[in-house]
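Each remark here refers to the structure printed beneath this line.
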Amino acid sequence: MTLQDVAQEVAQDAEALPQEKTFSFLELLASGGVGGIIVIAILSVLFIAALYIYFERLFAIKAASKTDANFMYQIKDHVANGNIEGAKVRCAQENSPVARLTAKGISRIGSPLEDINTAIENAGRLEVYKLEKNVSVLATIAGAAPMIGFLGTVIGMVLAFHELASSSGQAEMGSLAEGIYTAMTTTVAGLIVGIVAYIGYNHLVVKTDKVVHQMEATAVDFLDLLNEPV
């Protein structure tokens, strides 16, 4: 056998070897059949909604937490000098939850301290409600996305076993691939969406708690100001 014959045999053997098939990420998602595509589409919508809610709330909470460090000192000066209108104007200029709580307390000056405290608490509840707007939706997505992914897993396994039963147990692996792909890809997608939403939710909760603490500290400072002897 000549060297040329050996080279030809090696080339033929190489052509006979099965070629490795590669998938792009989108092809992998689309390979799960109609059921898998529907579940992936739902999870994609939830993922986009989770990202939108997270960033919208994050920017809103950051804006709410920005308060001039000298704000309360200026309010104290106005109130101590009897310039109630000047204190109201300063609160309007600040336009933050802390300023709105202080403005509510200033508008009640002259009333009993218990009434002022109640007014501030009611205003605080409204501000917290504004800060937590749509955050509960993010928590719902964090819990629902993995379950939707598991639903896709069940659908995929049902498809796989249905194919197996239809072929009297003689189905080839290729015919089972669609159901298996549906099961695997939807599980992964559901977990990814759930994890992202869960982390985003907890981060927003921490940020909101900081603003709430800031409002509580401001309310205490304002009530202490009213309790100071003239």
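With each label point set 7 Å from Cα along the Cα-Cβ vector, what nm distance links residue 129 and residue 216?
2.0
Filter 76/104; 76/210; 130/210; 66/210; 76/130; 130/207 down to the pairs with a C-alpha to C-alpha distance above 19 Å, please.
Values: 76/104 15 Å; 76/210 23 Å; 130/210 15 Å; 66/210 11 Å; 76/130 27 Å; 130/207 13 Å.
From 76/104; 76/210; 130/210; 66/210; 76/130; 130/207, over 19 Å: 76/210; 76/130.
If amide hydrogens are placed 1.01 Å from N in the peptide plane, which non-local residues have theirs closer than 5 Å to the one on residue 132?
Those lying under 5 Å, H to H, from residue 132: there are none.
With Cβ to Cβ distances under 14 Å as the rule, what net charge do the other residues near residue 106 carry (K, R +1; D, E -1)?
It works out to a net charge of +1.
Rule-based calculations on the coordinates, nothing more; no lab input. Predicted model, so just to flag it, every value in this text is computed and none were measured. Note that we place each Cβ from the backbone using ideal geometry, even for glycine, and neighbour counts take in every protein chain shown.
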